[in-house]
Each structure stands twice: as C-alpha cells, then as structure tokens.
Amino acid sequence: MSAESMPEPGTPEGPGTPEDSGSSALRNRAKGRRRKPRSTRRKALVITAWAAAGVVVLGGTGLGFMYFKLNDNIKSVDINQALGTDRPLDVDNGSQDILVLGSDTRSGGNKKLGGGVDDGSARSDTAMIVHVYEGHKKASVVSIPRDTLVDRPECTDSKGVEHDAGSQVMFNSAYSTGGAACAVKTVESMTGIRMDHYIEVDFSGFQKLIDELGGVKVTTTKSIRDEESHLNLKAGTHQLTGKQALGLVRTRHGVGDGSDLGRIQLQQAFIKALVEQVKDIGVLTSPKKLFDLADTATKTVTTDTDLDTVKDLASFANGLKGISPANMNMVTMPVQYDPADGNRVLVLKAKSQQVWDALKNDRPIPKSATKGAATGAAKGVVS
C-alpha cells in the first residue's frame, strides 16, 4: 500500500527578528492490550477524534473480513526506505514525535470542498509536529505555518525520484515537490528531531468523519464569513457540520488579520473542541455505526508503514487515549512576517531552537520561546 500528495500561499503583518534552527531525536512505540467490547467502543470514538483532528486514526474494531477490509483501506508511505540513514538520531526515551499533515487536494470531490483551481495537485495546508511526552499523559503540538520560508534539503520521494534542494522556499513546497518523504525530511532538517510516525489526513474524509460523529460543538465570539472556504457563521454557539468544520479549519480571510497564522489559531481551537467532545460522547451502541466510523477513518488517512495495519494503529492509539485537551499545549513555530513580502513568514531561529530543544529533551516548551513571535489575531474567536 502506498500513497503520496502536494502547496499555496499566505498573508500580512507582525513583529519579530530572524535567527537559527535544528538538532536530535526521540521515540517510543505504544503497545496495545486486549480489551472488552464496551471499552473498545469508547476507545474507538476517542481514537476517531484524533484522526479527524489530524493526530491519529481509528484503531482496531473489526472481526474477520471486516478487519481485513479496514486494513485494505489504509494507504501508507515507506518513509524509512525513502530517507535511509541520513536522519537525526533515533533516541528511545519514552516520548514520540509525529508529523501530521492535512492534505488539500484540488482535484475531484476535494475541489468542491476546498475551492481553488483543479490543477491535479495536492497541498499540505496544515502541518503539525505532535510530541507525546513520556508516560503518554501530555502532548505539545507545534503548528508549522505553510508560508514559512525554509531551506528545503534534497530528498528522495517514496518512488525513488530524487529532488533538488531549495533555498528560502515555502515550507509546503516540500510536500508538493516530493510528497510525504520530502515533507518529513524537511521537518527533520529544520528541527533536528526524528519523526517516529507520519499521518496525513484528507479533506473529504475529514468532512465525512465530522458528519458521522454528529458534528462538533463550538462557540464563536465573532461572526466569520469567508467565501473562499464556504463558511458563514454568526457569533454564538454552533453544532458544526462536516462542511462547516472543514470551512473553519481552512478559513483565513473571514477573521483576524487574514493570515495563515490566524487560521492556525482556529485549527488549534477546533482540535481541542473535537477531542473534548468525543471524550464526552459515551459509548456507541450500534456496531454498524462504529464500523462506518472505522471505515471512514481508515480511508481518510495515509500513514508511515509502521502504522499501516489496524492492529498497529490500535496499539499506537492506545498510547494516546489518556491525553485530554487540558494536557495538550498548542503553539505555533516562532516566526515573524517577512519585511519583503507580507504573505510570507520567516523562522525566528533562536526562539524556534528553544522549542526543538524542549521537545528533544522531553520537556515543556518554555513561554519565552513564543513570546514576541508573530500571531494571527484570531485567538479566542473559537472556543
């Protein structure tokens, strides 16, 4: 099983000063256990939330042919083979680092959902490094703005095609150039941290998952209207449909300063709302509904080959189920707006290094790392 996918720009305003990035690694593999049917169902819901949020996918539920059907749904990319040994040190200290990308395809059904031109390409509009601390009770999530100018290393994609390095190119060009393998290589080059896993979530599957979960409840403190993301919400409390949820995590122009940084703030708030809601949904009584959720979730993701079976996903997800929204620290990689182009951002290297050093040492990210970095003026709009 294998899969790939591919960028687009951002917008204005903000503080900061440039500086440097980079260094080492982390790792651990969560182990699964046999579970009684009732607790398995509850766990399945929690795991589904992570999947829709872009952090993990629904694990094992099926029996017999259902199990194999779900296995066949999962697409994967052999990151280890593509990148070889030219990677940061693989340190096993009880933590895990996962690169999560939201794939924004502009072809077929996704064109309708995402807007834009059907150019046959795909884009990584959303990128997050999820660091799960030792003990698997807490996590830090670092969003990487897609419009960040970075030095992209040369890389080989999962089909064996070699791609040249690029100097000061948009971060999401790594994905559009060489797919998942080049995106992972770029992140590891920027951070010095080895990614233990890779998970990619697709647009149309995300929408369907939210609908099958019955929507997600959020409160907006301001009205949001964005023709490009097909979103129109008045200030107040809403039970978002899949289409509305997708519009919310994609919107840039409807709120804040119209920047990608503002969109990241909305995404982070939505992920917390989603995980919180699924935690409180309770146990599904319908095996059919449970299977439908599992079927959609496993069709929605592309993983690295270490997670490309239901058993592996269930084991991995088992290690995440204890992380509540209150124990998820969500930040954006420290950046400043590019003085030469308000649609781009530059890495604040010294501050970013504080973030990467904290993750490498399995420690909390210090507040000083993000103080004074550019923000998108959309914080608190969604709760």
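Where Rh is the Kirkwood radius over the Cα pairs of region 145-269, the temperature 25 °C and the viscosity 0.890 mPa s, what D in µm²/s does Stokes-Einstein return?
For these conditions, the coefficient is 150 µm²/s.
What distance in nm separates the two pseudo spin-label positions at ASN343 and ASP211, each 7 Å out from Cα along the beta-carbon direction?
Placing both labels 7 Å along Cα→Cβ, they lie 3.3 nm apart.
Within region 288-383, how many lysine pairs that are 8 or more places apart, or on different chains, have C-alpha atoms less than 26 Å apart?
Here the count comes out as 21.
Which listed residue (GLY214, VAL184, GLY236) has the Cα farthest towards the positive end of the charge dipole for region 160-242, taking +1 on Lys and Arg C-beta and -1 on Asp and Glu C-beta about the Cα centre?
Looking along the dipole axis, the top candidate is GLY236.
Using a 1.4 Å probe, what is the accessible area per residue for region 265-383, in Å²?
39
To the nearest 10 square angstrom, what accessible area does GLU227 show with a 1.4 Å probe?
130
Given the convex hull over the Cα atoms of region 303-383, what projected area results after averaging over all orientations, in nm²?
8.2
Could you please state how large a percent of the accessible area of region 252-383 is carbon and sulfur, counting protein chains only and using a 1.4 Å probe?
Carbon plus sulfur share of accessible area: 52 percent.
Starting from the Cα-Cα distance between ASN361 and LYS379, subtract it from 0.36 nm times their residue separation and give me the gain in nm to one decimal.
Once the chain is fully extended between ASN361 and LYS379, it gains 3.6 nm.
The values are calculated or read from the model by the stated rules, or taken from the named source; none is laboratory data. Note that this is a predicted model, so its numbers are computed, not measured. Heads up, the Cβs are rebuilt from the backbone with ideal geometry, glycines too, and the neighbour counts pull from every protein chain shown. The area values use the complete protein model at the heavy-atom level, side chains included, leaving out ligands, DNA and RNA. Shrake-Rupley method; radii C 1.70, N 1.55, O 1.52, S 1.80 Å.
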